[in-house]
Structures are given as structure tokens and as C-alpha cells.
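Below: the structure, in C-alpha cells.
The values are calculated or read from the model by the stated rules, or taken from the named source; none is laboratory data. Since we're looking at a predicted model, the values are computed, not measured. With ideal geometry, Cβ positions are generated from the backbone for all residues, glycine too; neighbour counts draw on all protein chains shown. Remember, those area values only see protein heavy atoms, side chains included, never the ligands or the DNA or RNA. Shrake-Rupley method; radii C 1.70, N 1.55, O 1.52, S 1.80 Å.
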Amino acid sequence: MGEQELEKLEGQVASVIFLDEDDGYTVLRLDVDDGSQAIVVGCIPMAAPGESMTIWGSWTRHATHGEQFKAVHTERTMPTGAAAIFDYLSSRVIKGIGPATAALIVGKFGDDALNVLRDHPEKLATLRGVSLKKAEEMSAAFRHQTGMRTLMEFLGGAGLPPVLALRLYRCYGDEAMEKVEENPYILSSVQVGASFAEADALALANGVDADAPERVAAALLYELRHNADNGHCFLPVDKLTTATAQLIGVEPEQIGEGLDILLDSGDVVCEQVSNAYACYPARLYEAETYVARRLREMAGMVYDAPHVSVERVIEKLEAEQGIRFAPLQRKTLDAAVSRQLVVITGGPGTGKTTSVRAVLALFDAMGLETMLAAPTGQAAKRLGDLTGRDASTIHRLLEASFSPETDSTVFRKNESDHLRCDALVLDECSMVDMTLMQAVLSAIGPSCRLVLVGDADQLPSVGPGAVFRDVIRSGAAETVRLTEIFRQKLESRIVLSAHQINRGQVPDLRANTAGFYFLRRREADSAAETIVSLCQERLPRNMGIQPGQIQVLSPTRKGPAGTEELNRRLQQALNPPSAGKPEFVFGGRTFRVGDRVMQVRNDYDVLWKTETLESGYGVFNGDIGYLSDIDPAAEAFTVDFDGRRAEYVFEQASELDHAWAATVHKSQGSEYRAVVLSAVRTAPQLMYRSLLYTAVTRAAELLVIVGDDEVIRAMTENARRAKRYSGLRIRMADGT
């Protein structure tokens with residue numbers, strides 16, 4: 001929507017009602033030139049009474065506060081005239097100046113007060129109670145703000161949001177304007193956060209040549225970051241060159257100078273990895289080489305026989321649990337007692353949990369302090385329930401927080417402050433990416449044992465690398481592959497079907513017994529209707545499984561049987577609107593008390609409390625809870641994450657998705673009593689074996705697949721694994 005399509009307000013700021021200094025979100029009262037008054041909301045950093053503004057936007061109606069003007073773009077001019085200047089300065093928008101000092105400045109210099117404040121601090125020092133040092137500090141603070149305003153106007157003229165100016169100033173201070181004029185591509189850095197397209201449009205509009213080395217360098221960094229989001233730690237130089245040349249419309253031979261700039265600055269590292277000349281973002285090169293070195297060192301550590309009998313531990317566990325350990329499970333204990341690094345992998349029903357319990361009992365007998373962790377809240381809860389021990393998410397265990405300076409996650413537990421444990425058991429390791437594994441290894445001491453547990457045939461991590469799979473494939477680590485399906489699990493068609501799928505065999509979709517059911521629905525709309533009926537009526541009525549125990553999964557977010565539409569339908573069926581049930585609308589979605597929701601990004605600042613008065617900060621990607629309370633007056637709501645009640649404001653609803661239906665990727669690490677899987681035709685890149693295998697293995701008691709049998713066949717037969725460029729396997733195998 002261009003400015004010509006937006007409404008325009010012109011006037012002077014009467015008062016600032018609310019201002020968030022971190023993101024610039026502002027609520028202000030504007031005296032409009034036509035004599036009316038308006039409440040304006042939007043990103044207007046450093047707004048102050050007395051300013052004149054021209055604001056483009058649109059009128060909206062807030063449920064509590066009534067009519068508001070939502071700002072999209074703002075042009076601002078400094079106040080003129082003594083009265084407006086006094087209003088501006090007395091608002092404390094300039095550090096060191098309050099109402100009393102503002103009165104002195106305006107009383108002495110009148111309409112010229114701002115010019116004196118900017119250019120002649122020595123004149124301010126003639127005022128009563130104002131030293132030269134204080135005058136210079138006030139002048140510097142004013143120049144800082146006017147520099148910020150100039151930067152915002154410059155970026156706003158290019159259609160860029162004002163919050164980018166805040167981030168630029170956070171990084172570059174008073175030099176921000178000069179820096180962005182020299183190289184507009186700093187806008188697309190991780191710290192500032194503009195897209196490459198936004199930075200590129202500004203650069204080209206300001207005269208940067210299409211083949212300028214700085215443009216090429218920025219495009220190279222964008223391609224590396226984009227591909228890291230797709231799982232790659234590096235790109236071969238030929239693929240990187242081709243992709244970058246296509247992105248910015250230059251010839252491949254024009255890429256070299258930009259790459260040299262990045263190599264000289266240290267932003268990119270290139271070296272030979274097997275047959276590829278690999279180009280890494282520096283942070284991923286550091287992570288991969290660190291992980292390879294640490295894991296290889298740990299894999300080579302062999303301990304002498306302890307003063308603990310493995311056989312006695314096994315005998316005690318077998319007697320207590322009424323089981324018999326299989327040979328491979330015994331091998332797990334032999335490995336755990338003698339090796340610093342042990343990998344345990346296997347499919348459903350092969351005894352991973354029994355093996356982990358046995359390892360924990362062995363470590364107890366050896367007098368080792370052991371910690372347990374998993375990548376997500378659901379996976380950690382399941383690990384704790386299965387072992388009867390405390391288990392934490394990796395982020396909580398490492399005391400993660402967010403650094404505004406680097407715009408990235410930092411961990412309090414690291415090489416200078418190790419975890420206080422002798423052993424760490426890490427579950428669902430297929431979900432752990434390269435940077436998270438680096439954080440884990442940094443946080444454990446040099447003698448700490450590490451047990452990596454997971455199913456290597458599940459989907460790889462969302463982040464870069466395929467760490468668990470590469471560690472196994474390297475052959476460097478002591479790995480126990482559990483392959484025997486135990487007798488009690490042989491009765492489950494879920495387990496048997498999962499193993500069939502993993503071997504490329506299409507499961508029998510006609511049997512409909514032993515917890516595994518298939519309902520053929522070739523059309524997506526029909527499949528969606530059936531899924532809603534199953535959750536609302538059929539499973540609760542026929543099997544006694546309540547909606548809260550059912551998880552709907554889909555390979556995709558899009559389409560009539562994707563998670564977005566399914567969540568809309570399921571909300572209407574399972575939690576419809578009713579009198580006295582609060583709700584609010586954000587981003588086109590309705591959030592209602594009783595909704596099941598999922599946190600979709602890490603937020604380290606959310607406060608949570610429990611009924612036992614325990615409290616803390618941080619809710620993490622993948623955590624699932626229920627919206628338990630909405631306070632319309634305070635524009636706030638509460639989500640109950642399994643007893644941890646987290647407080648949000650309405651604007652934070654962007655961090656949540658409805659979660660009656662979730663993508664298969666988001667379900668990793670979780671297990672549900674009942675799973676209903678949408679299996680209709682979708683994008684080809686989502687129809688492959690490991691995705692179907694992962695979906696099936698989420699079900700503990702009941703799996704109902706609703707969809708097209710040809711889709712199940714196609715997914716089972718498609719054994720492709722998306723190639724991920726990583727050097728971890730080679731580095732561990734070769735010791736490089």
C-alpha cells in the first residue's frame with residue numbers, strides 16, 4: 001500500500017502515552033491541524049511533545065481503547081517557537097534536561113534554543129546551575145537524537161521501518177548515518193535485521209553499482225545465511241558463486257572480488273572439505289571445527305575398568321523391572337562404563353529408554369552426578385517422565401539469554417562456567433544443530449561423560465548441520481545401534497509400521513487394528529472434515545480419548561488440510577466462542593481462553609510462575625500450553641505451559657501458533673497418546689520417507705492416518721535425504 005492509498009494526519013504531539021525504548025513502539029496523542037485530537041500508535045522512536053508530524057496510516061478500532069490511527073510512515077520536524085520547544089525539552093526526551101532546565105534554556109534563548117543546544121554548548125554554561133561539562137553532555141545527547149531522527153528520515157524515505165534506525169544506532173552510535181551511507185548493506189547484517197532486498201534497493205537507489213564489490217559481498221553473505229537456514233553449514237564455492245550471480249544479476253566471474261573482501265574481513269572462511277572448496281559463514285566454521293575437535297577427543301578417551309560390576313547393575317535392574325536385557329543393551333552399559341562419549345541410536349520399540357535407565361543406574365553406582373536434557377520442552381518432559389528424573393531443555397540447562405548487542409543467543413554456562421556434573425545424557429539428538437551442539441560441548445568440563453541418544457532416521461535438525469547422523473557415520477564415536485524390537489512392542493502396529501516405512505515397505509493400510517488406522521480421503525477438504533470429526537466426536541466417543549490427548553499432524557502449513565486451516569477448523573470445533581469467554585484478535589487470528597498454543601521462537605524475557613511460587617524467565621520454541629487467561633484492559637494474556645504460567649502482552653501473540661494441529665517438523669521430540677495424521681498430496685519436497693517415519697513415531701497408543709494411500713506409498717518409496725553441506729563427518733573421521 002503506497003502513501004497515496006493511506007490516510008494522512010498532520011499535527012503536533014500533545015503527549016506521549018507509551019514508548020518502548022527497545023523497539024520504538026509508541027502511543028501518542030496528536031493535536032491535529034484541523035483542531036481534532038487523535039491517538040496514534042506505531043513505531044515512532046523518541047517521540048516527544050512539541051514535535052510536528054505528518055503521519056501516513058489507517059484508522060483502526062481497539063476493543064478497549066477505541067479508535068486509533070495506526071502509523072505506517074512518519075515525517076517529523078523539530079518544534080519551532082518557544083512554547084513548542086519548551087514542551088519538547090521539558091518532556092525529558094533529551095538526557096539531562098527536565099522542566100526546570102528547559103525553562104532556563106528557553107527563557108534565555110527563546111526561539112533559538114535548539115540551535116544553541118546543538119552548536120554552542122558553551123552558551124548553555126552561562127545558565128545558573130549548568131556547568132560546562134553538563135552543557136556539553138546535554139549538547140551531545142541532543143546531537144545524538146537529531147542524528148537518530150536524520151537516520152530515521154533517511155530510512156523512512158526508502159520505505160524502511162524506523163526500528164532499523166534504533167538497531168543501527170545500537171551498533172554504530174553517532175557514526176550510524178555515515179556508516180549506512182558508506183555501505184547500505186550493513187542494514188542486512190544479522191544485528192540490524194533488514195532483508196537483503198531492502199538493503200539492496202536502498203543501495204542501488206543511492207548510486208551503488210550493480211557489480212560493486214560491497215554489493216557482491218553482501219549478496220554472498222545473504223546466500224550463506226539463507227542456506228544456513230536450510231540446514232547447510234557451508235556451500236561449495238561454485239554453487240555459492242552461481243547462486244549469488246543469479247541473485248544480483250551479474251556474471252559469475254564478477255563474484256571473486258566480493259568474496260576476497262569477506263575473506264579479508266574474516267566474515268567468511270574457505271577451505272577444502274573432501275572434494276569441495278567449502279565457503280562457511282565464520283560462526284559456522286568455528287562451530288563445526290570446535291564440535292569435531294571436542295567430540296573426536298572425547299571419542300578417544302577410554303577409561304580403566306571401574307570398581308563397579310556392570311553385571312551386578314544389570315542383575316539388580318532386571319530383578320527390579322522384571323525384564324531381561326538384550327545383548328545390545330548390555331553393550332550399551334559396557335560402552336558407558338569405558339567411554340567418555342557414547343552414542344545410542346535405534347527406532348521405536350528397540351529399548352532406548354530401558355538402555356538410558358540402565359546407564360543412569362550405572363552412573364549412580366559409579367558415584368557420578370548426571371544431568372539429563374533434550375532440545376524441546378516436550379522432549380525434556382517425556383525424558384523426565386520415562387526416567388523418573390529431572391530433565392531440562394538444553395536452553396534452560398545452559399541458562400540461555402538474548403544479547404541485543406549481537407542479536408543472538410548467548411549461554412551463561414560455557415567454557416568459563418561449566419555445568420556441575422560428571423555426565424550428561426542428551427536425548428532426541430537428531431534435533432540438535434551445529435551451534436547448539438557447540439554450546440553443549442562448551443558447557444561441559446573436559447572430563448564430563450556425554451551420552452547422545454536418538455533416532456538417526458528421523459528428520460534432521462531445523463538449524464544447520466546433521467550432527468547426530470554425521471557423528472554416527474564418522475565411525476569415530478562408540479555407537480550402539482539397537483535393532484531388536486522387543487516382544488511387547490511387536491503387538492503395536494504403530495511400531496511395526498514405522499519399521500516397515502523405514503525399510504521402504506508400504507505398511508498394510510487395510511488392517512485397521514492394534515492402534516493403527518487408515519481412512520481414505522482423496523480430497524483435502526474431505527480429509528480436513530474427517531480430521532475435525534475424529535477430534536471432536538469419534539475418538540472421544542468411541543475410544544475414550546479426549547481432544548487434549550490428540551495431536552493432529554500435517555507435513556505442511558498450507559492448503560485445506562495444512563496446519564493453518566486445520567487449526568482454524570479445530571478451534572471452531574473444540575473451543576468455539578461463547579459468552580464470558582475472553583478473546584482477542586492479533587494478526588488476523590483469534591486467540592481465545594482455552595486455546596492450545598505453541599511457542600514458535602525462543603523468548604528469553606517472558607516471566608513464568610508456578611503454583612509453588614517458583615519463577616523464572618524464558619519460553620522456548622516448541623513449548624506447548626493452553627491460553628488460560630486474557631485481560632483485555634491490560635492487553636495481556638497468560639499461557640499455562642504444563643504448570644508454568646507465562647505472562648504475555650497482546651503484541652507477543654506473534655510468537656505463538658495455535659497447536660491443535662502442528663507440522664511434523666514441530667512435533668519432533670514429542671510423543672502423544674493419539675496422533676491424527678493428514679496425508680493428502682502436498683509439495684513434492686515434503687513427500688519423503690523420513691518425514692512420514694517421524695510422524696508415525698510420534699504416536700504412543702493410537703495413529704489414524706487420514707488421506708490418500710498413494711501419498712503414503714509415494715512418501716515411503718521416496719528415500720531421498722536433502723543433502724546438507726557439512727564437514728563434521730569428515731573432520732571427525734580424518735581428525736582434521
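Averaging sequence separations of C-alpha pairs under 8 Å and six or more residues apart, then dividing by the length of segment 1-136, give the relative contact order as a whole percent.
Relative contact order, segment 1-136: 16 percent.
Which residue, chosen from Gly231, Thr241, Pro213, occupies the Cα position most advanced towards the positive end of the dipole of segment 212-259, where the dipole is computed from +1 (Lys, Arg) and -1 (Asp, Glu) charges on Cβ about the Cα centre?
Gly231
Mind checking the log10 I(q)/I(0) for segment 1-145 at q = 0.10, 0.21 Å⁻¹? Debye, one equal scatterer per Cα, no solvent, two decimals.
Each listed q maps to, in turn, -0.38, -1.21.
Taking only Cα atoms, what is the 0 to 90° angle, nearest 10, from helix 196-205's long axis to the longest principal axis of the chain?
That works out to roughly 30 degrees.
Could you estimate the translational diffusion coefficient of segment 385-460 from the Stokes-Einstein equation, with Rh from the Kirkwood formula over C-alpha pairs, at 25 °C and 0.890 mPa s, in whole µm²/s?
My calculation gives 182 µm²/s for D.
In debye, nearest 20: dipole of segment 89-180 around its Cα centre with unit charges on the Cβ of K, R (+) and D, E (-)?
340 debye
Please give the charge dipole size of segment 564-711, origin at the Cα centre, charges +1 on K and R Cβ atoms and -1 on D and E Cβ atoms. Round to the nearest 20 debye.
400 debye
Angle check, please: helix 434-443 long axis (alpha carbons) against the longest principal axis of the chain (alpha carbons), in degrees 0 to 90, nearest 10.
Roughly 90 degrees between the two axes.
Volume per residue, Å³, of the convex hull around the alpha-carbon atoms of the chain?
Spread over its residues, the Cα hull of the chain gives 201 Å³ apiece.
In square angstrom, what is the accessible area per residue of segment 436-520 with a 1.4 angstrom probe?
40 Å²
At a Förster radius of 41 Å, what calculated FRET efficiency corresponds to the Cβ-Cβ distance of Ala125 and Asp20, to the nearest 0.05?
The value I calculate is 0.75.
Expected output is a single nm value to one decimal: the length gained when fully extending between Thr242 and Asp734, i.e. 0.36 nm times separation in residues minus the C-alpha distance. What is it?
Using 0.36 nm per residue and subtracting the Cα-Cα distance, I get 174.2 nm.
Measure nothing fancy, just the Cα-based angle from helix 213-229's long axis to the longest principal axis of the chain, in degrees from 0 to 90, nearest 10.
The helix 213-229 is inclined about 40 degrees to the chain.
Can you pull the one-decimal nm distance between simple spin-label points at Arg568 and Glu7, each 7 Å off the Cα toward Cβ?
Going by the 7 Å Cα→Cβ label model, 2.7 nm.
Using label points projected 7 Å from each Cα along Cα→Cβ, tell me how many nm separate Leu368 and Ala683, to one decimal.
It is 4.2 nm.
Putting +1 on Lys and Arg Cβ atoms and -1 on Asp and Glu Cβ atoms, find which of Thr332, Val680, Ala84 reaches farthest to the positive end of the dipole of the chain.
Thr332
Using a 1.4 Å probe, how large is the accessible area of Leu419, given in Å² and rounded to the nearest 10?
Roughly 10 Å² of Leu419 is accessible to a 1.4 Å probe.
In nanometres, what is the gap between the two model label sites at Glu320 and Arg522, each 7 Å from Cα along Cα-to-Cβ?
Result for the modelled spin labels: 5.6 nm.
Efficiency by 1/(1 + (r/R0)^6): what FRET value for Glu415 and Leu132, r their Cβ-Cβ distance, R0 = 60 Å, to the nearest 0.05?
0.80
Can you compute 3J(HN,Hα) from phi for each residue in segment 110-121, using the Karplus curve 6.51 cos²θ - 1.76 cosθ + 1.60 with θ = phi - 60°, rounded to whole Hz and x for Gly and Pro?
x, 5, 8, 4, 6, 5, 5, 4, 7, 10, 9, x
Using only Cα atoms, locate the centre of segment 462-538 and the centre of segment 631-698, then give the distance between them in Å, rounded to an integer.
The distance from the Cα centre of segment 462-538 to that of segment 631-698 comes to 18 Å.
Please go through the residue pairs Lys123/Lys179; Lys95/Lys413; Lys352/Lys381; Lys8/Lys581; Lys666/Lys723; Lys352/Lys666 and name each one whose alpha carbons sit more than 27 Å apart in this structure.
Lys123/Lys179; Lys95/Lys413; Lys8/Lys581
So for segment 73-221, Kirkwood radius off the Cα pairs, Stokes-Einstein at 10 °C and 1.306 mPa s: how many µm² s⁻¹?
93 µm²/s
Would you grab the residues whose amide H sits under 5 Å from the one on Glu478? Only those 5+ places off in sequence or on another chain, please, with H modelled 1.01 Å from N.
Here Val343 satisfy the definition.
Counting C-alpha atoms alone, how compact is segment 172-295: give Rg to one decimal and Dmax as a whole number, in angstrom.
Using the Cα atoms of segment 172-295, the pair Rg, Dmax is 14.9, 49 Å.
Placing unit charges on C-beta atoms (Lys and Arg positive, Asp and Glu negative, everything else neutral), compute the dipole magnitude of the chain about its Cα centre in debye, rounded to 20.
With Lys and Arg at +1 and Asp and Glu at -1, about 3100 debye.
Under the 0.36 nm per residue contour assumption, what length would be gained going from the current alpha-carbon distance of Ser338 and Leu509 to full extension?
Once the chain is fully extended between Ser338 and Leu509, it gains 57.1 nm.
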